[in-house]
Amino acid sequence: MSKVIICANQKGGVAKTTTTINVGIGLARLGKKVLIIDNDPQGSLTEALGYQQPDELDVTLSNIMEWVLNEDDFDLDAGILHHQEEVDLLPANIELAGVETSLIGIMSSETVLKDYIEMIGDRYDYIVTDCSPNLGQLTLNALVAADEIIIPVQPAYLPIKGLQQLLKTISRVKRKMNPKLHVMGILLTMVDYRTNYANDIIDVVYNAYAKDIHIFENVIPMSVRAAEMPAAGVSIYTHDGKGKVAKAYEQLVEEVVSHE
Ligand code: ADP
Ligand code: MG
């Protein structure tokens, strides 16, 4: 069975989508079979992998979730796209927002993604899943399906404040719904050491969390080249392979693989 890694943080703009792409493609570059799932109705991961018009895609995660929920039969290849960098992609678009609303109050609605992953799990070594910037039904589905969580955090004041709430949700899901759920680590992203406060906030994160949670020593630096990535439709390894962000994500992927 595949290992399921999700990138989660209810704060937007902390590099969840960027990390999902570069972890997924980084694993594929090591020869792993990888599926990347866009689990955000904004479809920004789908767009960043070159599908500029997610709303025009015939089958996306929203269809799959509806089929699983209704226990319909469907072709397991449905919706799966293949990206040039040797990963499969299950895309998303705004229709997923409607599905998320329809999940509320339905029995077992938090296991839909897990049920799907169990159907396709033997096809992949890793399934890397993005999350939307909230702790709603879709993120809950991802937490229930996950083995490992990477928590991207930008060292700035506001993102740090939300961490406590996320960790509480994780521990509740772990107790009630998914005992194997494990935080692989907090990943500091978009780190800009030129700002005075970056180091101060990194210290705050270490002091508050390092005793309970792994903090990846390897941080992801801020770089204009990384910010260009979504428009290029490729990973950082293809867009700026020699740059510092590609190196940082490569090291992160080494660490992910070392957990095998
Ligand atoms: P999230 O999914 O958490 O909302 P994104 O991955 O979309 O975050 O990143 C937010 C923005 O920051 C995007 O415009 C992205 O291109 C940019 N970004 C991500 N990582 C970096 C980085 N290391 N350096 C500079 N910009 C980055
Ligand atoms: Mg995102």
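Determine whether the stretch 74-83 contains at least one residue that is within 12 Å of ligand 1 (Cβ to nearest atom) and either assigned to a loop (DSSP other than H, G, I, E, B) or surrounded by fewer than 21 Cβ atoms within 10 Å (Cβ to Cβ) (or both). Among the residues of the stretch 74-83, not one is within 12 Å of ligand 1 (Cβ to nearest atom) and either assigned to a loop (DSSP other than H, G, I, E, B) or surrounded by fewer than 21 Cβ atoms within 10 Å (Cβ to Cβ) (or both), which makes the answer no. Residue count for the stretch 84-98 under the criterion of being out of contact with any helix residue (DSSP H, G or I) (no Cβ under 6 Å at 6 or more places or on another chain) and open to solvent by less than 50 Å² (accessible area, probe 1.4 Å): the result is 4. Take the conditions more than 17 Å from L45 (Cβ to Cβ), outside any loop (DSSP other than H, G, I, E, B) and small (G, A, S) and apply them to S102. Does it pass? Criteria met by S102.
Can you tell which of L89, L35, L27, L96 is under 26 Å from T238 (Cβ atoms), within 16 Å of ligand 1 (Cβ to nearest atom) and touching a residue at least 40 places away in the same chain (Cβ under 8 Å)? Break it down stepwise before answering.
Details: L35 fails: within 16 Å of ligand 1 (Cβ to nearest atom); L27 fails: within 16 Å of ligand 1 (Cβ to nearest atom); L96 fails: under 26 Å from T238 (Cβ atoms).
Criteria check complete, one pass: L89.
The single condition among (1) out of contact with any Pro (no Cβ under 8 Å at 6 or more places or on another chain); (2) within 23 Å of G233 (Cα to Cα) that N63 does not meet is (2). Among the residues of the stretch 123-139, are any within 13 Å of ligand 1 (Cβ to nearest atom) and in a helix (DSSP H, G or I)? Yes.
Residues that are open to solvent by 80 Å² or more (accessible area, probe 1.4 Å), within 16 Å of ligand 2 (Cβ to nearest atom) and not acidic (D, E) number at least 1 in the following helices (runs of 4 or more DSSP H) confined to the stretch 192-260: 224-232. So I149 ticks every box in (1) within 23 Å of L35 (Cβ to Cβ); (2) open to solvent by 40 Å² or more (accessible area, probe 1.4 Å) but one. Which box is left unticked? With (1) within 23 Å of L35 (Cβ to Cβ); (2) open to solvent by 40 Å² or more (accessible area, probe 1.4 Å) applied to I149, the lone miss is (2). Annotation note: Cβ proximity below 8 Å between a residue of the stretch 237-255 that is closer than 18 Å to E86 by Cβ and a residue that is open to solvent by 10 Å² or more (accessible area, probe 1.4 Å) and of a type in the set (K, R) (sequence gap 6+ or interchain) occurs for Y237/R29; H239/R225; V253/R29. Only a single item in (1) within 16 Å of ligand 2 (Cβ to nearest atom); (2) of a type outside the set (S, T, Y); (3) in a loop (DSSP other than H, G, I, E, B) is not met by A97, and it is number (3).
Looking only at the stretch 31-57, count every residue that is of a type in the set (G, A, S), touching a helix residue (DSSP H, G or I) at 6+ places or on another chain (Cβ under 7 Å) and either away from ligand 2 (no atom under 12 Å from the Cβ) or not in a loop (DSSP other than H, G, I, E, B) (or both) and tell me the total.
2
Contact map, the stretch 160-180: residues that are more than 24 Å from V205 (Cβ to Cβ) paired with residues that are of a type in the set (V, I, T), Cβ distance under 6 Å, separation 6+ or inter-chain. Pairs shown: M177/V144; N178/V144.
Scanning the stretch 1-30 for residues that are open to solvent by 10 Å² or more (accessible area, probe 1.4 Å), closer than 23 Å to E255 by Cβ, in a loop (DSSP other than H, G, I, E, B) and small (G, A, S) returns S2, A15. What about N63, is it over 27 Å from S109 (Cβ atoms) and not β-branched (V, I, T)? Considered against the rule, which asks whether it is over 27 Å from S109 (Cβ atoms) and not β-branched (V, I, T), N63 comes out as no. Suppose the filter is away from ligand 1 (no atom under 16 Å from the Cβ) and either without any contact (Cβ under 8 Å) to a residue 60 or more places away in the chain or crowded, with 21+ Cβ neighbours inside 10 Å (or both); does T101 pass it? Considered against the rule, which asks whether it is away from ligand 1 (no atom under 16 Å from the Cβ) and either without any contact (Cβ under 8 Å) to a residue 60 or more places away in the chain or crowded, with 21+ Cβ neighbours inside 10 Å (or both), T101 comes out as yes.
Those residues that are within 12 Å of ligand 1 (Cβ to nearest atom) and among the polar types (S, T, N, Q), I need them from the stretch 207-234; list them, please.
Our first condition is that a residue be within 12 Å of ligand 1 (Cβ to nearest atom); within the stretch 207-234, this holds for 219-232.
Matches in the stretch 207-234: S223 only.
Looking at V14, is it at negative phi and away from ligand 2 (no atom under 16 Å from the Cβ)? No.
The values are calculated or read from the model by the stated rules, or taken from the named source; none is laboratory data. In this text the structure is predicted, and so the values were computed from the model without any measurement. No Cβ is skipped: glycine too gets one built from the backbone with ideal geometry, and neighbour counts run over all protein chains shown. When the accessible area is computed, the model is the full protein with side chains, heavy atoms only, and any ligands, DNA or RNA have been set aside. Shrake-Rupley method; radii C 1.70, N 1.55, O 1.52, S 1.80 Å.
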